[in-house]
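See below for the structure under consideration.
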Amino acid sequence: MPFSFFHLLCYITIIFAEVDAVNEGASKSKSKLRLFVFGDSYVDTGNWRKSIGSSWKEPYGITFPGKPSGRFSDGRVLTDYIASYLGIRTPIAYKWRKEVKRSKEYGMNFAYGGTGVLDTLANQPNMTTQIDFFQRLVEQKVYGKQDLDNSVGLISVAGNDYATYLARNTHNLQKLGDFTKKIMDQLEINIDRIRGLGVKRIAVTLIEPMGCIPLQAASSSYSNCTQALNLGSKFHNQMLNQSLQNLNAKDNSTVFITLDLYDAFFSALNKFTTHAPAGSLGLKPCCEGKEMGKYYCGSVDKSGAKLYTICENPNLPFFWDTLHPSQNGWHSIFSSLRSSLHKLTT
């Protein structure tokens, strides 16, 4: 594909937007904010073991930092953009805290890709266990009162809970509402627990339109979203908004805010659809297995031959693989969320 003016515009937009994000947060950096992150692959920056995590295999990280870094994308993810906005570096992943000097300086990332509020198909620490890790550090005085008084929490979770439910219930949506209530009961306990440990402002993402994830859209050749799943996302988000309102009302505070991934995804997808292949609605991922359901982005055979395909320019598609946005996708999502981020520091 020849390098076009649109490609150049993409690069310029990313560069200036990232500079803006840093500048916007620069004035806040003097307060030495700490960012504590909990959740799943949308915010994980390297907690999976290298020996088993697909995020540590090529071609992940091809855009940033140029090699696999444990992020489930070709480059930066939501955590990186939120940290940049706050004027700090991306906090270290919990797994690497003992390997990096001054690892506690910017907070810590406890998120593990594939996990949820409840136990999922991924045998990794769920949100409750992630908070246990955080509590242990607080009890050990790794983070003191001054650190916590200048802290922000970021939570992105629940997509994998629904994926696990659907896998175990053969796509039976009849009792999905009851399952949402079960998620919400535990999630409310979890986020109130994070507040109890001293985090002063906590952002919780609304869930993305699950029916528009490429894994769901593949059966229609990426031409349609699954509306039933999108309705499930809306129901989840309505309940989450109500739960956060109830928590804030407990002590007449505004500790908890939402980051609307649902609308941000659609806003970004509308932009990307303009330049997407005919009929794909921007849902086709850059990297996918050569045989859907059998191979995945990063799959190789015994000789190391690639069993996946990758697009010519990862800056163009919204999605990187069948589950995750590309760096450019996350940048567009961040741009949509930016107007609500000031609540994190006020």
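When segment 82-96 is examined, which residues are found to be open to solvent by 10 Å² or more (accessible area, probe 1.4 Å), closer than 19 Å to HIS342 by Cα and not in a loop (DSSP other than H, G, I, E, B)?
Across segment 82-96, the qualifying residue is only SER84.
All but one of (1) without any contact (Cβ under 8 Å) to a residue 60 or more places away in the chain; (2) closer than 20 Å to THR79 by Cα hold for ILE257; state the number of the condition that does not hold.
The single condition ILE257 does not satisfy is (1).
Do we find that ASN246 is open to solvent by 30 Å² or more (accessible area, probe 1.4 Å), in a helix (DSSP H, G or I) and at pLDDT below 95 in this structure? If you could, list the steps in order and put the result at the bottom.
Working: open to solvent by 30 Å² or more (accessible area, probe 1.4 Å): yes; in a helix (DSSP H, G or I): yes; at pLDDT below 95: yes.
So ASN246 fits the description; yes.
Look through segment 39-81, keep the residues that are among the hydroxyl-bearing types (Ser, Thr, Tyr) and assigned to a loop (DSSP other than H, G, I, E, B), and return whichever of them is surrounded by the most Cβ atoms within 10 Å (Cβ to Cβ).
SER73
Is it true that some residue in segment 218-229 is under 19 Å from the mean Cα position of the chain (by Cα) and farther than 15 Å from THR322 by Cα?
Keep residues of segment 218-229 that are under 19 Å from the mean Cα position of the chain (by Cα), which gives 229.
Filter once more, so that each one left must be farther than 15 Å from THR322 by Cα: 229.
The answer is yes, given that some residue of segment 218-229 is under 19 Å from the mean Cα position of the chain (by Cα) and farther than 15 Å from THR322 by Cα.
Only strands (runs of 3 or more DSSP E) wholly contained in segment 97-213 count here; list those with 1 or more residues that are β-branched (Val, Ile, Thr) and crowded, with 23+ Cβ neighbours inside 10 Å.
Per the criteria, 151-156, 201-205.
From LYS284, LYS343, LYS294, LYS271, which residue is within 30 Å of ASN150 (Cα to Cα) and either open to solvent by 10 Å² or more (accessible area, probe 1.4 Å) or outside any loop (DSSP other than H, G, I, E, B) (or both)?
LYS343
What number goes with the only condition from (1) within 25 Å of SER221 (Cβ to Cβ); (2) touching a residue at least 60 places away in the same chain (Cβ under 8 Å) that LYS343 does not pass?
Unmet for LYS343, out of (1) within 25 Å of SER221 (Cβ to Cβ); (2) touching a residue at least 60 places away in the same chain (Cβ under 8 Å): (1).
The values are calculated or read from the model by the stated rules, or taken from the named source; none is laboratory data. Just so we're clear, the structure is a prediction, and the values are computed from it rather than from any experiment. Reconstructed Cβ throughout: ideal geometry from the backbone, glycine too, with neighbour counts over all protein chains shown. These area figures cover heavy atoms from the full protein model, side chains too; ligands, DNA and RNA do not enter into them. Shrake-Rupley method; radii C 1.70, N 1.55, O 1.52, S 1.80 Å.
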